[in-house]
Amino acid sequence: MGLSNTPQVEQLIDQALAEDLGQGDVTTEALIPKTQQGRASIIAKARGIIVGVEVAKQVFLKADPELKLAILIEDGAEVKPGDIVAKIEGRVASILKAERIALNFLQRLSGIASETGHYVQAVKGLPVQITDTRKTTPGLRTLEKYAVRVGGGKNHRMHLGDGILIKDNHLAALCHQGLSIKEIVTKARQKASPKLKIEVEVKTPQEAVEAAEAGADIIMLDNIGLEDMRQAVQLIRGRALIEASGGITLDRVRAVAETGVDLISIGALTHSAKALDISLELD
């Protein structure tokens, strides 16, 4: 079953159609004859990685099952201005009604994949993985994290049940009770499923060592400098995976990777990616 045909994605498409067409398309209904037939092309207007073509197709077919859509460029392909991604044929009114919804999915997901691709390319040749975060658009996480994967990145937690991540606020609440990092990790290990990885967010190399010695599987170095990252990597020496996070920009990501960390998580892949410029034009 393709991503666009999963119940969750079908529900998202239905919600998007209801949001835009719930009160009808008064412009199209007033001006375009229901019987008028035509053809349209979806065209890339910028360089990037295309994602969401199957989702866009599903939008058009939901709007009108009699539309015919030919996909010319598949998800994951690089596009340049002028490339025709897909062609649509059928009722002009149906094409116009579904246009914006289909393009919204396509532009958003392609923008995320393209942004991810920039980060992946920036660390090329280094043994590090670019990952996303849970900073996704509410309701669109499945699609947005799919776009990250297509762009060459890896998914961090899909949801709160996907792994134990002891963040600063967890530590603040538990340290207030007098617990040390070692005691906190031990408590998590005792109460959670043994299948779950335990990750601890730290602010200093010393805290990183304490978390590693406590048996954490992953150490997150949150918003710390490059020298402290290098020191943490040297001190931990493979006892746990090390993740760098917090304020990592495209200009800085390779320098972060060169410290020896294993993972670099970047919220901007999903929360700040610029939509890829894609349009629909009637032939």
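The values are calculated or read from the model by the stated rules, or taken from the named source; none is laboratory data. The model shown is predicted, which means the values in this text are computed figures rather than measured ones. All Cβ positions, glycine included, derive from the backbone under ideal geometry; neighbour counts span all protein chains shown.
Side notes on the structure shown:
- If you check 77, 102, 70 for being outside the structural domain of residue 263 (by TED's automatic domain parsing), at pLDDT 95 or above, over 28 Å from residue 257 (Cα atoms) and within 20 Å of the chain's Cα centre (by Cα), only one passes: 102.
- Taken together, 278, 248, 264 contain a single residue that is assigned by TED's automatic domain parsing to the domain that holds residue 130, at negative phi and surrounded by 21 or more Cβ atoms within 10 Å (Cβ to Cβ), which is 264.
- Taken over segment 14-68, the criterion of being free of Cβ contacts under 8 Å to residues at least 24 places away in the same chain and hydroxyl-bearing (Ser, Thr, Tyr) is satisfied by 27 alone.
- Condition check for residue 52: surrounded by fewer than 19 Cβ atoms within 10 Å (Cβ to Cβ) and on the phi > 0 side of the Ramachandran plot: no
- Hey, residue 124 out of contact with any strand residue (DSSP E or B) (no Cβ under 8 Å at 6 or more places or on another chain), at pLDDT 95 or above and within 26 Å of residue 199 (Cβ to Cβ) or not: yes
- Residue 39 meets all of the listed conditions (1) within 27 Å of residue 118 (Cβ to Cβ); (2) assigned to a strand (DSSP E or B) but one, namely (1).
- The residue list 44, 63 contains one member that is within 15 Å of residue 279 (Cβ to Cβ), aliphatic (A, V, I, L, M) and either surrounded by 12 or more Cβ atoms within 10 Å (Cβ to Cβ) or touching a strand residue (DSSP E or B) at 6+ places or on another chain (Cβ under 8 Å) (or both), which is 44.
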